[in-house]
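The structure appears below as structure tokens.
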Amino acid sequence: MSSSSVLEEIRRAEEFLVVGKGVRRIDALDKVTGRARFTGDFVLKDALHVRLVKSPIPHGRIIEIDAERALSLGPVRFFTAADIPGENQVGYALPDQPLLPADKVRYVGEPVALVAAPDEDLAEKAAELVEVRYEELPAVFDPLEAMERSDVLVHEDRGTNIAEMTRVRKGNVERGFEESDVVVENTYRTGHQEHAPLETEGAVAIPDTQGGVTVIASIQYPHLCQRITARVLGLPHSMVRVVQPYVGGGFGGKDDMGPVVSAMAALVAFKTGKPAVLVYSRRDSFTSTCKRDPSVVRYKTGATRDGRLKAIEVQIILDSGAYANRGPYVLWRATMHAGGPYEVPNAKVDGFLVYTNKVFEGSFRGFGNPQVQFAAESQLDELAERLGMDPLEIRLKNLLRPGSRTITDQLLESSVGIYEAVKLLGEKTGFRAKWREYRRERAGRVRRGIGIACGYHGISTSRGVPDWSNATVILGRDGSVTVETGICEIGQGSWTAHAQIAAEVLGVPVERVKVVGGTSDAPDTGATHASRGSSIGGIGVYVAARRLRERLADAAARLLECDPSDVEIREGRAFRRDNPDDYVEWEELVQAAYGMGYEMSATGYFFLPKGKFDMERGLGYAYPAFSYIANVAEVEVDLETGKVRVVRVWPALAAGRILNPVLVEGQIEGAIAQGMGYALTEELKFEDGRILNPNFTDYLIPTSLDVPEVEEPIYVEDLYEYGPFGAKGVGEMALIPTPAAIMNAVKNATGVRITEIPATPEKVYFALRRAGVVAGE
Amino acid sequence: MRAGGGGIVVRFTLNGREVEVTTRPNATLLDLLRNELKILSVRRGCETGECGMCTVLVDGLPVRSCLMLAPQVDGRSVTTVEGVGDPERLHPVQEAFVEAGAVQCGFCTPAMVLTAKALLDRDPNPDERTVKEAILGVLCRCTGYAKIVRAVRLAAERVAGGVRE
Amino acid sequence: MLPEFEYHRPASLEEAVRLLSELGPDAKVIAGGTDLVVKMRAGLVSPRHVVDLSRLTEIRFIRDEGDRLKIGAGTTLWEIENSREVARGVPVLREAVEEMASWHVKTTATIGGNLCNASPAADAAPPLMVHDATLVVVGPEGRREVPIGEFFTGPGQTVLGVGEILAEVVVPKMRRGQGAAFEKLTVREGALSIASAAALVEISGGRFVDARVALGAVAPTPIRALKVERALKGRPATREILRSASREAKADIKPITDVRGSREYREEMSVVLVRRALERAVERAGGAWA
């Protein structure tokens, strides 16, 4: 079965029974009754509780670790780098990050040792009593400073604080700017963002009888967790089993932290022979887990008088904190998305990932893209203003369409629905009229404004980095269906989407399908990140279910005495298409198929075809497909206080087939709230590398009273040839343009461009003061 | 009354049942429920009263169980989500949460369900603003609250509808 | 993990005073727990004794006594928010309480706890200050009355001595011709104030007969803005006078820079909040602008 014929088949299908419907989540009942169990609920008898001993300084050599007082408290165990049996290395893109540092610490909050005790209070007391002597080293906190300095190095062996450099060179930017009638240039800054999943990071490790370990953990990728834990323990992968229980939110952070926390708990279990529980406190979660990379983006855009983009020149500087972690990949993604979803003939982009002595950064919904889209989409509005155009007009002139090329010169043959999405969004919101009206009015203490911003996001891993899908589907003799996948359920609803895909293909009700996921016992399906859980993850389910469906059609044809092509299976029955009354019940069919010798389980492996990428010029095949998004935001700005309230957001999504509109709306509504927090209130404050507000009292994520009304999304179902039923990714999308949409609306309301987020009331107030919109009191 | 380091006997009603437990005076109600009574739907969140994950109802009103000392519930009535409904007999609030798609990761869900129940017990027909004010103290990072608010109002309609019939 | 302590639950106010006097400074009082438990968990205090006042019904009441309202210190913020007496007699307190924290906190947090915690940002304080409330303190030496303006001595500090308990708050009720309002600024709903202001005015014959203004989070304690008040009293109730008087707030305050806001921003916002509170207070006083 070739992939294109599948797409044809999907296109021809007029209706689906399960796909595209707001099917109830398969885990809803467990969750509303409180029966859902999370990592911290698995506290076994005899378990040791693990606590972190953390560095109080941003940079220094470890001279001595003295645990004598801690150990004197009672049955306390203590672990440092010296206790690690395998490789003390948890770095992702680069081998720069120890599980526990042996020689020096690089940020305030870095775990230097672990303490374990049979009760939590004892472990906590003991951790406080561990004395670590440091020789303090000069530290560097500002990435712009760090990239110039070679006297203070976060990693001496690298000889520089620049961890990674990226580039795109398309066309000739000098000529592009020469041909431009207007050029706009600005510098944009974005801050840290903490994931703040309501369930903090955690792992429970249980030693087994064969010298291995089973890990129950809050994760996004069981097989990565398995590999890293095995590496640290010096075990074959097969000796580490990983299982996710319910996970209380991930947002990318647990993709990075899951393996680290698991390896810590596993170390204790492995060394003591006892179960070990490590659940981060909220404070640990603030001080010692990765964040969204802060950025400085210098952006120059040129366009002709009629509003056509001619050239962009972009410099992206990401502050990676103490370790590179996912930073090089984050930077690549930022670099390749720097142009926004527009046709830009000439592009020069340079990216720098810079080490500093602050908490390390990592994966977070959007993965480098929100930072550059904030700049790109702000630029576009500034350009429109110089040209006397409105924001909608300039976008419609430049948006990608089928046949367009991206800034990496990738040809987009199909599945490019952004133009239609923006057009529909403009009509639905009455954007132009409102935008003109608000700009004209600009009177009174509270000003209203409307803004639009777009975004696109490559689905799957970037460049030639291999990506695949895999799943196993098993039919029980009673007709029940089990889907095994490595994809994690972290709240997004992927398992429900998987059940829908299997049910649709096999022709059974969703209730018959059970999903077993998030475990290393299932096939390696890749990570639950990059908006790939339901889309890429779902391909394997689709392929496996198709295989079983063919076998079942074959078996049914023998029972119904017809040709397999005349067999239809739906709603739990197989029947002859020409005579629906001639049928066999599903259970009967499965049993008969078993009896006839058909294999009633199948794997669905699919290796994503990818093209070539030229790293030197940063040109070529960047992603197999892109999802697209546009948000319109309406805001109110209190001029006297600088407080911005987002009143309403209208989203429009082009992400292929919408497998389950209720789940998709949930992703959009959640992403808009998180994007709004990022844009307005969530500010991590540092003093000499120490976080001043490691708590929810002063790190302010949105509450029920802060979130805007989110209108029903516009969907443009621009089907993707390899996606299950044509689906692309959704999870990250709506966050990406949210900061720019809000700041463009603030500009519409006040005439002032805010170039730095979070735009807290104080920052907006002083920006309005500087612009002369308000006078001092 | 007074009690020292050894232990203190606390008697209270938990989900309609009388319970008597010996606990440390410096245990919080959260510690008591999770560690002693194994009521795991009450989540350990920030333990500083900021996130609302540990919400329970005391005498019908929502409180943060991480800020209440265990001995303080002596003689009072505590409700956790287990006392609201079970899979066979869901409370209208729980039904509405399932139907409206108000559940994502599920970590805050028990706290949200309890808060919604407490609200509807006092105010059977809350407007949107009232619902949002009621759940202000329970953070959710997944949903953006939209479907939670819709679920609470859906539950209110159902309950009110039932009364009218 | 909370420190180990002995737990006491006195049956009466008298017993509570006796206990606290005996136990001395090693004892701390708990009611709603919203401050003490947080402080204990952060390791800021580790009392050897905790005295639970949450069951003392004798300090949990709201009583209308004609021209004044008596509120027991053990009354929860939730009870205050829902009290008809408070809504009628001290609406500005209700307004402040409504915007404070969440329902979940207000069901246990008490008015006494909010005041005794003595946070510079305690939102209940400015409304009580503009109402010239009196605090009734009960201790080993008997009862004494403390004007609210003298109650706070510094961040986290009050005039309460060993064995003393704040028992009730006596608040003169709003009179005809008066109007009051509360304003606060936060980065986000339910967050702690960057600054807050309460104002109470009385207008007669087109003039400010009385004007009282208090601010929170802009000095070591909640404070009265006396310079603003002086600039209003006896002057015509015009928007211009109100505007220029509000600017005096800068001279009344001593803000610091902290994680919630800079000194400069607090200075500016104090003026804005005072002006807004005054404007709404004037409107509520029913007095037309002169």
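Key figures
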read-out	value
Leading residue by the ranking (farthest from C:G74 (Cα to Cα)) among those in segment C:33-45 that are more than 7 Å from chain B (Cβ to nearest Cβ) and surrounded by 19 or more Cβ atoms within 10 Å (Cβ to Cβ)	C:M40
C:K70 being in a strand (DSSP E or B) and either among the β-branched types (V, I, T) or touching a His at 6+ places or on another chain (Cβ under 8 Å) (or both)	no
Filter pass, C:P236 being touching a strand residue (DSSP E or B) at 6+ places or on another chain (Cβ under 6 Å), farther than 16 Å from C:V130 by Cα and not assigned by TED's automatic domain parsing to the domain that holds C:S119	yes
Test set (1) in a helix (DSSP H, G or I); (2) within 14 Å of chain A (Cβ to nearest Cβ); (3) small (G, A, S) - C:A281 fails condition number	(2)
Candidates B:V56, B:V10, B:V21, filtered to the one that is assigned to a strand (DSSP E or B) and within 13 Å of C:Y7 (Cβ to Cβ)	B:V10
Residues located in segment A:44-66, provided they are under 25 Å from A:P694 (Cβ atoms) and either within 14 Å of another protein chain (Cβ to nearest Cβ) or not in a strand (DSSP E or B) (or both)	A:H49, A:R51, A:S55, A:P56, A:I57, A:P58, A:H59
Matching option when the condition is surrounded by 22 or more Cβ atoms within 10 Å (Cβ to Cβ) and at the interface with another protein chain (Cβ under 10 Å from one of its Cβ atoms), among B:G45, B:G60	B:G45
Looking only at segment A:184-209, and only at residues there that are part of a loop (DSSP other than H, G, I, E, B) and among the acidic types (D, E), the one that is nearest to B:E50 (Cα to Cα)	A:E199
Complete set of residues in segment A:67-99 that are aliphatic (A, V, I, L, M), away from chain C (no Cβ under 14 Å) and farther than 16 Å from A:T272 by Cβ	A:A81, A:V90, A:A93, A:L94, A:L99
Output for segment A:130-160, where each listed residue is aliphatic (A, V, I, L, M), crowded, with 18+ Cβ neighbours inside 10 Å and assigned to a helix (DSSP H, G or I)	A:A146, A:M147
Close pairs (6 angstrom Cβ cut-off, 6 or more residues apart or separate chains): over 21 Å from C:R247 (Cα atoms) in segment A:752-777, of a type in the set (F, W, Y) anywhere	A:T755/A:Y188
Selected residue (only one of A:I714, A:I672, A:I701, A:I691 is among the β-branched types (V, I, T), in contact with a Ser or Thr (Cβ under 8 Å, 6 or more places away or on another chain) and more than 9 Å from every other protein chain (Cβ to nearest Cβ))	A:I691
Restricting segment A:472-494 to residues that are in a loop (DSSP other than H, G, I, E, B), more than 14 Å from chain B (Cβ to nearest Cβ) and polar (S, T, N, Q), the residue that is nearest to A:R37 (Cα to Cα)	A:T485
Given (1) among the β-branched types (V, I, T); (2) under 30 Å from A:G517 (Cβ atoms); (3) touching a residue at least 24 places away in the same chain (Cβ under 8 Å); (4) surrounded by 24 or more Cβ atoms within 10 Å (Cβ to Cβ), index of the condition A:V32 fails	(3)
Residue that is surrounded by the most Cβ atoms within 10 Å (Cβ to Cβ) [pool: residues in segment B:6-42 that are within 21 Å of A:R37 (Cα to Cα) and more than 10 Å from chain A (Cβ to nearest Cβ)]	B:L29
3 or more residues more than 28 Å from A:E682 (Cβ to Cβ) and not assigned by TED's automatic domain parsing to the domain that holds A:P739: qualifying strands (runs of 3 or more DSSP E) within segment A:210-313	A:213-217, A:240-243
Breaking point among (1) within 13 Å of chain B (Cβ to nearest Cβ); (2) among the basic types (K, R); (3) under 23 Å from the mean Cα position of the chain (by Cα), for C:R60	(1)
Filter result for C:R48 (away from every other protein chain (no Cβ under 13 Å), under 27 Å from B:E50 (Cα atoms) and either out of contact with any Lys or Arg (no Cβ under 7 Å at 6 or more places or on another chain) or surrounded by fewer than 19 Cβ atoms within 10 Å (Cβ to Cβ) (or both))	no
Members of segment A:218-258 found to be more than 14 Å from chain B (Cβ to nearest Cβ), crowded, with 24+ Cβ neighbours inside 10 Å and closer than 27 Å to B:T143 by Cβ, listed by number	A:Y221, A:P222, A:C225, A:D255, A:D256, A:M257, A:G258
Test: C:M100 is buried (at least 19 other Cβ atoms within 10 Å of the Cβ), in a loop (DSSP other than H, G, I, E, B), within 13 Å of chain B (Cβ to nearest Cβ) and among the hydrophobic types (A, V, I, L, M, F, W, C)	yes
Among the candidates A:A433, A:A503, A:A497, residue that is part of a helix (DSSP H, G or I), within 14 Å of chain B (Cβ to nearest Cβ) and of a type in the set (A, V, I, L, M)	A:A497
Residue satisfying condition, being over 20 Å from A:A727 (Cα atoms) and in the same structural domain as A:T335 (by TED's automatic domain parsing), within set A:G518, A:G451, A:G479	A:G451
Within segment A:590-615, considering residues that are within 27 Å of the chain's Cα centre (by Cα) and not in a loop (DSSP other than H, G, I, E, B), the one surrounded by the fewest Cβ atoms within 10 Å (Cβ to Cβ)	A:F607
Scope segment B:68-86; condition within 13 Å of chain A (Cβ to nearest Cβ) and either in contact (Cβ under 8 Å) with a residue 24 or more places away in the chain or not in a loop (DSSP other than H, G, I, E, B) (or both); matching residues	B:T79, B:T80, B:V81, B:E82, B:G83, B:V84, B:D86
Single condition A:P328 does not satisfy, out of (1) buried (at least 22 other Cβ atoms within 10 Å of the Cβ); (2) within 20 Å of the chain's Cα centre (by Cα)	(1)
Residue satisfying all of: in segment A:23-38; within 23 Å of the chain's Cα centre (by Cα) and in a loop (DSSP other than H, G, I, E, B); farthest from the other protein chains (Cβ to nearest Cβ) among these	A:I26
Residues being in contact with an Asp or Glu (Cβ under 9 Å, 6 or more places away or on another chain) and free of Cβ contacts under 8 Å to residues at least 40 places away in the same chain - total across segment C:233-242	1
Test result for C:S244, within 16 Å of C:A181 (Cα to Cα), of a type in the set (S, T, N, Q) and within 14 Å of chain A (Cβ to nearest Cβ)	no
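The values are calculated or read from the model by the stated rules, or taken from the named source; none is laboratory data. Remember, it's a predicted structure, so these values are computed and weren't measured experimentally. Heads up, the Cβs are rebuilt from the backbone with ideal geometry, glycines too, and the neighbour counts pull from every protein chain shown.
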